[in-house]
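Shown next, in structure tokens, is the structure this report addresses.
The values are calculated or read from the model by the stated rules, or taken from the named source; none is laboratory data. The shown structure was predicted, so the numbers you read here are calculated from the model rather than taken from an experiment. Cβ sites come from the backbone with ideal geometry, for glycine too, and all protein chains shown count toward neighbours.
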Amino acid sequence: MVLRSIPARHWHRAAAAAAQVLPFPATTVSSCAPPAGLALAQVSRVLPNIVTVAGWYGCDHTGPVHEGDSLISTITLESCQPLPAGDGLAWLRIDVTAQAGPEGTPSPVLRWRCAVVMT
């Protein structure tokens, strides 16, 4: 069975047992399609010269994101390559952690690897 676009609370025992509301996991990349969203928004603030995401080669949801969590992204440049037109291709790894409140312990929720075109 392939599960796509189904929140974890509908199929993951630990998530279903949690009393907290779990937003749709994709909102983390938006954190990986729509999830490519929040993580990509954070990346674009750090690297404003991104033209487009050329593709991604990994998107692992490693933990739940609960409503009200703060998301923190750590961006690592894994590799880069100049392009003929003078632009560049950069391979990034974005590790996202969620923290519940100011005293919460950050826990990993997403590892996203993508290639972006930069001017």
Checklist entry - Only one of (1) in a strand (DSSP E or B); (2) at pLDDT below 90 fails for Gly101. Which number is that? => result (1)
Checklist entry - From the set of residues in the range 76-99 that are among the hydrophobic types (A, V, I, L, M, F, W, C) and within 17 Å of the chain's Cα centre (by Cα), which is surrounded by the fewest Cβ atoms within 10 Å (Cβ to Cβ)? => result Leu77
Checklist entry - Could you count how many residues in the range 100-119 are exposed (fewer than 13 other Cβ atoms within 10 Å of the Cβ) and either over 23 Å from Asp60 (Cβ atoms) or of a type in the set (Asp, Glu) (or both)? => result 4
